[in-house]
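Report on one structure; see the data block that follows.
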Amino acid sequence: MLLKSTLVMGIALAASIADAASLGIIQFARDVNQQGPISYCDRNFYNRCYRAPINDASSMQFLNTDFPNRKDFSITLFTGPKCTGRYDRWSFEQKEAGEVEFNSFPSVNDHVLSYKIASFKTSRVVNGDAGTTGEEVFITHCTDFRNSAAVKNHVLQKPPGPQATSV
């Protein structure tokens, strides 16, 4: 009986660790063309709500550091602090390594307070309503572009050759 319960607990722990695997780096920027502030957040986990580092972001890039093991994603940006309020969602299958960028937020532009990255594809949503209940907000590691360990390990700047995929 003890062996059976230990085995069940081990399987449950392995499943929760796999679901919480670190998936990538997300970058938020304001006024990119005028060289405004840029903040990188690494150590993001699937299906968790995070506070956005720049409240008035107008563009975003996502670098999947687990490619090709994971290819399906949905990224949702919310106007509320706990993944609440209005939201825009992008859902995609990543076809090749590199970053994916979003240069326009149809209904949440300059009002992003929180975000969530899911490990599956779903529907594209513009101006959705997440309500006011909210959920737990997790802390991630966000820093400016010059000091981020993520940037030192995974350069998000565009190299010569193929450009980032715009969605």
Checklist entry - Looking at Thr79, is it in contact with a Gly (Cβ under 9 Å, 6 or more places away or on another chain), more than 19 Å from Asp66 (Cβ to Cβ) and loosely packed, with under 14 Cβ neighbours inside 10 Å? => result no
Checklist entry - Mind checking which residues of the range 120-136 are within 22 Å of Asn44 (Cα to Cα) and surrounded by fewer than 17 Cβ atoms within 10 Å (Cβ to Cβ)? => result Phe120, Lys121, Thr122, Ser123, Arg124, Gly134, Glu135, Glu136
Checklist entry - When Ser148 is evaluated against the numbered criteria (1) farther than 16 Å from Pro53 by Cβ; (2) modelled with pLDDT under 90, which criterion, by number, is the only one it fails? => result (1)
Item to check | Per-region count, the range 103-139, residues farther than 18 Å from Asn55 by Cα, touching a residue at least 40 places away in the same chain (Cβ under 8 Å) and assigned to a strand (DSSP E or B) | outcome: 4
Checklist entry - Is there any pair with a first residue in the range 48-63 that is among the β-branched types (Val, Ile, Thr) and a second that is part of a loop (DSSP other than H, G, I, E, B) whose Cβ atoms are under 9 Å apart and which are 6 or more apart or on different chains, and what are they? => result Ile54/Arg30; Ile54/Gly36; Ile54/Pro37; Ile54/Val112
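State yes or no: is Asp66 surrounded by fewer than 20 Cβ atoms within 10 Å (Cβ to Cβ) and modelled with pLDDT under 85?
Details: surrounded by fewer than 20 Cβ atoms within 10 Å (Cβ to Cβ): yes; modelled with pLDDT under 85: yes.
Taking the combined requirement at face value, the residue satisfies it.
So, Gly36, is that one modelled with pLDDT under 85, over 9 Å from the mean Cα position of the chain (by Cα), surrounded by fewer than 22 Cβ atoms within 10 Å (Cβ to Cβ) and not in a strand (DSSP E or B) or not?
So Gly36 fits the description; yes.
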Next on the checklist: I'm checking my understanding of the structure. Among residues of the range 50-83 that are of a type in the set (Gly, Ala, Ser) and assigned to a loop (DSSP other than H, G, I, E, B), which one is nearest to Phe102 (Cα to Cα)?
Outcome noted: Ser58
Item to check | Complete set of residues in the range 93-133 that are closer than 16 Å to Ser74 by Cβ and among the small types (Gly, Ala, Ser) | outcome: Ser114, Ala118, Ser119, Ser123, Gly128, Ala130
Item to check | Breaking point among (1) more than 15 Å from Gly24 (Cβ to Cβ); (2) crowded, with 16+ Cβ neighbours inside 10 Å, for Asp110 | outcome: (2)
Checklist outcome for this item: All conditions in (1) within 21 Å of Val137 (Cα to Cα); (2) buried (at least 19 other Cβ atoms within 10 Å of the Cβ) are true of Phe105 except (1)
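The values are calculated or read from the model by the stated rules, or taken from the named source; none is laboratory data. None of these values were measured; they are calculated from a predicted model. Here the Cβ is made from the backbone with ideal geometry for all residues, glycine too, and neighbour counts use every protein chain on show.
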